[in-house]
Amino acid sequence: MADKRKRDDRDKPRRRFRPDGTPVWGSQALNGPGVWVTCIKGKEKNTVGELYDVFESLAAELWPLDTSEPAETNNKEASEDEDEDGDIEKQIAKEVASMKRPKKEQRFANGHTNTPCVVFISCKPPVDPVQLVVKYVENVMETGVSQTRYTQRLTPVSAACPTNLPEIRSLCTRLLTPFLEEYTDKSFTYKIELRTRNHNSLSKEEIVQAVAKCVPGMHKVKLENPEVYILIEIFKSVCGVSIVKDYYRKHKFNVMEISNAKNEEIGFSTGEGTRLTEKE
């Protein structure tokens, strides 16, 4: 009986823990890179679906896949099919080989937050969440067409870590190092834009001070119209960080707000977002 209990214990999946002691639930991690999204309550699944379409379209434009090799393979197979039209065994072998080919890797995945109005979509390399979101926002600002109905604000995170001060300082230092190379001979003004959800272990003051210590002293804090924004997005035990510019000018990346404002200017009707480009 005791041996059976031991075997049962070994068969049970072991719970994994992060460095700060919090458990990791399931295989869908919420750590970046990725995009945090706020949406209309009850429309979380719809939001994920519509953003998959938008993100895939933008990714195909920004990071196009190399399709030359499959095209050549298809042409070769087509010519072989003509030569071996009557050979059933070879046709079956080709079908089996085609089934074994690796499937196209998905560049985006839904990280289940189990929280109303909040969605997280992770991004795989070479996708850069900041570049992706900025491109999307600029398109909406230019056209007034969001291509979404339920998506509101997007917050890109270049990387993530457990929500404790040593990890946050380490992550901010890693992200700031390449960014600061652009400012070796000049200083910039910055603001730390912090948002927390379902987290009460650390105070906002502690987090802001920890992040500020990672920025060299030659760069100054400026709360109004800074040149650089350090976005800190905390959800439960996960902290995401990114560095952006023109954050307020771009309406804090709220595509629904941008779309409605743009359409009011040109006489369109407003609503949950705008998908069409023609007047009603």
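The numbered conditions (1) over 30 Å from Ser203 (Cβ atoms); (2) under 17 Å from the mean Cα position of the chain (by Cα); (3) not in a helix (DSSP H, G or I); (4) not polar (S, T, N, Q) are all true for Leu132 except (3).
Among the conditions (1) farther than 24 Å from Val127 by Cβ; (2) out of contact with any helix residue (DSSP H, G or I) (no Cβ under 6 Å at 6 or more places or on another chain), Arg169 misses just one, which is (2).
Of all residues in the range 255-280, those satisfying the criterion of being at pLDDT below 95, within 25 Å of Asn46 (Cα to Cα) and hydrophobic (A, V, I, L, M, F, W, C) are Ala261, Phe268, Leu276.
Filtering the range 111-126 to residues that are under 14 Å from Gly32 (Cβ atoms) and assigned to a loop (DSSP other than H, G, I, E, B) leaves Thr113, Lys124, Pro125. At least 1 residues being exposed (fewer than 15 other Cβ atoms within 10 Å of the Cβ) and modelled with pLDDT of 95 or more is the threshold, and among the strands (runs of 3 or more DSSP E) wholly inside the range 137-254 those reaching it are 189-197.
The values are calculated or read from the model by the stated rules, or taken from the named source; none is laboratory data. A quick note: this is a predicted structure, and the numbers were derived from the prediction, not measured. Here the Cβ is made from the backbone with ideal geometry for all residues, glycine too, and neighbour counts use every protein chain on show.
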